[in-house]
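See structure below.
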C-alpha cells in the first residue's frame, strides 16, 4: 500500500511569515520537568502561516468563514502538474495539460525553495485563468507558494476571481519531491468558527498506478 506523503511545511520559529503578520511561537505552560504530571504547550501563529487554506472571508467581508466550508473540497482525488519557475499562471500555460474533470489541481513550480525566507516576488495567477479552470471542473487550486496574487497586490484579483468561479485556495504546499500524476489529497482545515483561513496538514497518496 502506498504511504501518505506529507506536503506540509513544518511549523517552528523558522517558518517564513508574511511580513508584519504573526509568526509562529510555541511554549510550554506546564511541564513535567517542573513537577507537573504532563507537558502542555501553547501556540501562537497567523491563520495564513505555512501550509494553509484561504476562506473567502479572508478577502471578502461577506464570504464564507472556515467553519462554513464544505470539507469535500479538501479531501479527494487530485492531480499534480509541474510548471517549473513560471512567470505567471496563464491559460496559455495550462491549456497544454489535460485537466478535464480534475477537481483538485496542485501545481509544482519550485519557485520557493528556502521556506525560512519569505519570497520577494512570486508568479501570480492571471485572473482570467479562473474561468478556464472552472470550465474544466476545478474546485480547489493548490500552489507551492504563499499566495495566488502578486505579493504587493491590494486588489487581489486572482483571489476574487477564483472565488467568483467556485474555486477554493490551498497555499504553501511542499511538492519538491512529488512527481506529476494522480493522488488522493487530504488537507482539512481546523473547525475555526470565525476563521478567515486555517493551517492544514496536507498529505497525498498516489493512486492510479
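The values are calculated or read from the model by the stated rules, or taken from the named source; none is laboratory data. Remember, predicted model here, so these are calculated numbers, not experimental data. Using ideal geometry, Cβ is built from the backbone for each residue, glycine included, and neighbour counts are taken over all protein chains shown.
When the range 100-130 is examined, which residues are found to be in contact with a helix residue (DSSP H, G or I) (Cβ under 9 Å, 6 or more places away or on another chain) and surrounded by 15 or more Cβ atoms within 10 Å (Cβ to Cβ)?
Narrowing the range 100-130 to residues in contact with a helix residue (DSSP H, G or I) (Cβ under 9 Å, 6 or more places away or on another chain): 100-105, 107, 124-130.
The answer is 102, 103, 104, 105, 107, 124, 125, 126, 127, 129, 130.
Quick check on the range 176-187. Is at least one of its residues in contact (Cβ under 8 Å) with a residue 24 or more places away in the chain, farther than 18 Å from residue 106 by Cα, surrounded by 19 or more Cβ atoms within 10 Å (Cβ to Cβ) and within 13 Å of the chain's Cα centre (by Cα)? So that I can check it myself, show each step before the final result.
At the first step, the residues of the range 176-187 found to be in contact (Cβ under 8 Å) with a residue 24 or more places away in the chain are 176-187.
Keeping just the survivors that are farther than 18 Å from residue 106 by Cα gives none.
Scanning the range 176-187 turns up no residue that is in contact (Cβ under 8 Å) with a residue 24 or more places away in the chain, farther than 18 Å from residue 106 by Cα, surrounded by 19 or more Cβ atoms within 10 Å (Cβ to Cβ) and within 13 Å of the chain's Cα centre (by Cα).
Given the options 143, 133, 156, name the one that is crowded, with 18+ Cβ neighbours inside 10 Å, at pLDDT 95 or above and touching a strand residue (DSSP E or B) at 6+ places or on another chain (Cβ under 6 Å).
Values: 133 fails: touching a strand residue (DSSP E or B) at 6+ places or on another chain (Cβ under 6 Å); 156 fails: touching a strand residue (DSSP E or B) at 6+ places or on another chain (Cβ under 6 Å).
After ruling out the rest, the residue left standing is 143.
Find the strands (runs of 3 or more DSSP E) located wholly in the range 1-102 whose residues include 1 or more that are without any contact (Cβ under 8 Å) to a residue 24 or more places away in the chain and either farther than 30 Å from residue 121 by Cα or out of contact with any strand residue (DSSP E or B) (no Cβ under 8 Å at 6 or more places or on another chain) (or both), and list them. Steps first, please.
On the way: elements: 25-30, 40-44, 52-54, 75-82.
Once the strands (runs of 3 or more DSSP E) in the range 1-102 are filtered for at least 1 residues that are without any contact (Cβ under 8 Å) to a residue 24 or more places away in the chain and either farther than 30 Å from residue 121 by Cα or out of contact with any strand residue (DSSP E or B) (no Cβ under 8 Å at 6 or more places or on another chain) (or both), what remains is 25-30, 40-44.
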